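The values are calculated or read from the model by the stated rules, or taken from the named source; none is laboratory data. Predicted model, so just to flag it, every value in this text is computed and none were measured. The accessibility values were calculated without ligands, DNA or RNA, using every heavy atom of the protein model including side chains. Shrake-Rupley method; radii C 1.70, N 1.55, O 1.52, S 1.80 Å.
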Amino acid sequence: MFENLDAIAEAVRNLPETDQSAAAQAAERQMQLTKPAGSLGRLEDLAVWLAGWQRSEKPRLESVVTLVFAGNHGIAMRGVSAFPPDVTNQMVANFEHGGAAINQLCRLAGSELKVIPLKLDEPARDFTEGPSLSERQFLEAVNAGYDAVPEDADLVCIGEMGIGNTTAAAGVAYGLFEGAAEDWAGRGTGVDDSGLQRKIDVLNEGYEANRDLLHSSLGALRAFGGRELAAMFGAALACRTKSVALVVDGYVSTAAVAPLFAMNPHGLDHAVFAHQSAEQAHQRLVARFGQAPLLDLGMRLGEASGAAVAVLILRAAIETHNGMATFAEAGVSESAS
């Protein structure tokens, strides 16, 4: 648990690495399986990636956990969402009663769902008036996310719920990577042209209001992010320190973990990105990490829905990697020569 920002920065500078030996063993196994080398494409890469982080030639997905963090945003009162702020609380209740998309998808994917509301009665500050979180609030949220990651998880998925948080995500990306507000703002839950322009306007106001914080990556996250983004950052950092593979959902989740990359170019080696969000800026953001999302289904729901679907892809990678026979076991010739 982190007592100050310097402790977080120190942890990000000293991240554990993947187990190269386990990954090499898994890659060698892939070469021996009864198929042409590389014929399963990214499924092979995913199996090797999981092997490295689980430190085992044959990785497993017995304990998969999906963490959905929920937070409210003062910026939502500025008309940047197609839905009112009360929907955050209402959707958390829906999660708890099993009625949301993520409930169905987690059941299908064989993932435990944990919903973590973060002081919903205390919205993050309107970032046009200053940072969305004080340093104390930011540390509390990061620590809540860090603490939510089980020690024994084989895989963790992160997602969120929070009306106004695509604007918060755009702010974090804008603060980290600059460009123009238009580069990072999108329609989110479905705002019209005037709503999109309001997003752009508040991002520019927020940039000016928080300029002094934007010299650091953690400052950009504190300035714009709100509690659920800070918590997802904490969860992503916990996964890395515990050598747990991570699946990141859509635009908001990707913006939340982006400071790990901004602070350490290998900071997201333990993560895959579940899907290409309908938010145009998401593709630009993931490309900065040198990665490509696993799926492109036009999704823009949030709540870790894309991450849960991606778990099914990872299960396919594990089943083929662990269950296929080798050429020797099957008595199949490896080549025609």
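Think of a 1.4 Å ball rolled over the protein heavy atoms: the chain then has 40 Å² of accessible area per residue. For segment 152-255, what class follows from the C-alpha gyration tensor (a ≥ b ≥ c being the square roots of its eigenvalues): rounded when a/c is under 1.5, otherwise prolate if a/b is larger than b/c, else oblate? In terms of gyration-tensor shape, oblate.
For GLU160, the residues whose amide H sits under 5 Å from its own are PHE69, GLU303, ALA304, ignoring neighbours fewer than 5 places away on the same chain, with H placed 1.01 Å from N. Pairs of lysine residues in the chain that meet both criteria, 8 or more places apart or on different chains and Cα atoms under 27 Å apart, total 6. Of the solvent-accessible surface of the chain, computed with a 1.4 Å probe and all protein chains present, 49% belongs to carbon and sulfur. Work out which helices of the chain, taken as complete DSSP H runs, extend at least 15 Å along their axis over the Cα atoms and score a mean Kyte-Doolittle of 0.0 or more, then list them. Long hydrophobic helices here: 42-54, 165-177, 226-241, 251-263, 305-323. DSSP beta bridges fully contained in the chain are about 5 percent antiparallel.
Note on the chain: helix-only mean residue ellipticity at 222 nm, from DSSP H runs of 4+ residues weighted -39500 (n - 2.57) and normalised by residue number, equals -15500 deg cm²/dmol.
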